[in-house]
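Have a look at the structure below, then the notes.
The values are calculated or read from the model by the stated rules, or taken from the named source; none is laboratory data. Predicted model only: the values in this text are computed from it and were never measured. Note: ideal-geometry Cβ built from the backbone for every residue, glycine included; neighbour counts use all protein chains shown.
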Amino acid sequence: MELVVDPSLAAALGPVTREVSCKICPQRAALHGVADFNKSCQIEQGRHFPLSGIPVWYHRCRGCGFVFSAQFDAWTPAMFRTHIYNAQYLMVDPDMKGTRAEIASHRLIACARERNAANLLDFGGGEGHLARILSAKGLVTRTWDPFLTDDEPPEAGIFDLVSCYEVLEHSPTPRETCARALSFLKPGGVMVFSTLSVDDLPRHSMDHWYIAPRNGHISIHTKRSLAVLFGELGWRVRQVSPAVYMAVAASG
């Protein structure tokens, strides 16, 4: 089955400029490279979808190394649902409803027990698959996804633990997204999030499988960009596995 591209996609993508401001730090970001819209994370498994013919440009910050596309900056949640998180999304992310959530649940349950967390918000949790697993295991869990729901957000400052799995790489507004996720925590709460840092990307290289516009991977972090991003929000980041991090208040 081939990926179908909505005819309005090309016109929906924002303009391309040679240099823009980094979304993380005060440095400038020059054009780094271009990928076909249908490039997906499935290339890691050797699966290549037919090219769409629609280019997506990425910039790379000279300071923190953050790689991002600015062409989605003006998109609404409805546009993301139309062009990326649609009925074909499972083709490019088959693990979305597979073992990934089960694996994540083990780490989150352990974290909740270690910190005596009574409730959890799964921020950006899609259709709520992970939240249902956690609830079935006894952890009071709510999910809220600003991309996929029009529901009102939860009240701020009421959760002991916020999980943010497979979110940061999808956000066109990393600072605002992280600030909002963190705002739901009680004092002393922690955020557990996943994203793959790509720290040694060669100049102009777009070959890394994680740079995948069809998956909605439009914000590719480095360890430095994560440290700067959370640091400016008053939080410290600790890496707990190759793609999983914990954020704790810097004053804690």
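In segment 17-46, which residue that is of a type in the set (S, T, Y) and in contact (Cβ under 8 Å) with a residue 40 or more places away in the chain is surrounded by the most Cβ atoms within 10 Å (Cβ to Cβ)?
So, considering only residues that are of a type in the set (S, T, Y) and in contact (Cβ under 8 Å) with a residue 40 or more places away in the chain, the one surrounded by the most Cβ atoms within 10 Å (Cβ to Cβ) is S40.
Looking only at strands (runs of 3 or more DSSP E) that fall completely inside segment 182-252, which ones have 1 or more residues that are of a type in the set (S, T, N, Q), at pLDDT 95 or above and crowded, with 19+ Cβ neighbours inside 10 Å?
On the way: elements: 185-194, 235-241, 244-249.
Hits in segment 182-252: 185-194.
Would you check which residues across segment 11-28 are at pLDDT 95 or above, outside any strand (DSSP E or B) and over 22 Å from S52 (Cα atoms) and list them?
Passing the criteria: R18, C22, K23, I24, C25, Q27.
Among the residues of segment 135-154, what is the count of those that are closer than 28 Å to M79 by Cβ and either among the charged types (D, E, K, R) or assigned to a loop (DSSP other than H, G, I, E, B) (or both)? Steps first, please.
Narrowing segment 135-154 to residues closer than 28 Å to M79 by Cβ: 142-154.
With the extra rule that they be either among the charged types (D, E, K, R) or assigned to a loop (DSSP other than H, G, I, E, B) (or both), the set shrinks to 142, 145-154.
Number satisfying all stated conditions: 11.
If I ask for residues that are part of a loop (DSSP other than H, G, I, E, B) and surrounded by fewer than 21 Cβ atoms within 10 Å (Cβ to Cβ), which ones from segment 72-81 would you list? First the steps, then the outcome.
The first filter runs over segment 72-81 and keeps only residues part of a loop (DSSP other than H, G, I, E, B), leaving 72-76.
Scanning segment 72-81 gives D73, A74, W75, T76.
Tell me yes or no: at least one residue of segment 51-71 is over 22 Å from the mean Cα position of the chain (by Cα) and buried (at least 18 other Cβ atoms within 10 Å of the Cβ).
Yes, that holds for at least one residue.
Can you report the number of residues in segment 85-112 which are over 16 Å from H129 (Cβ atoms) and assigned to a helix (DSSP H, G or I)? So that I can check it myself, show each step before the final result.
The initial filter retains those residues of segment 85-112 that are over 16 Å from H129 (Cβ atoms), namely 86-88, 91-92, 110-112.
Restricting the remaining residues to those that are assigned to a helix (DSSP H, G or I) gives 91-92, 110-112.
Selection size over segment 85-112: 5.
Restricting to segment 111-152, name every residue that is surrounded by 13 or more Cβ atoms within 10 Å (Cβ to Cβ) and either among the β-branched types (V, I, T) or without any contact (Cβ under 8 Å) to a residue 12 or more places away in the chain (or both).
Selection gives R132, I133, S135, V140, T141, T143, T149.
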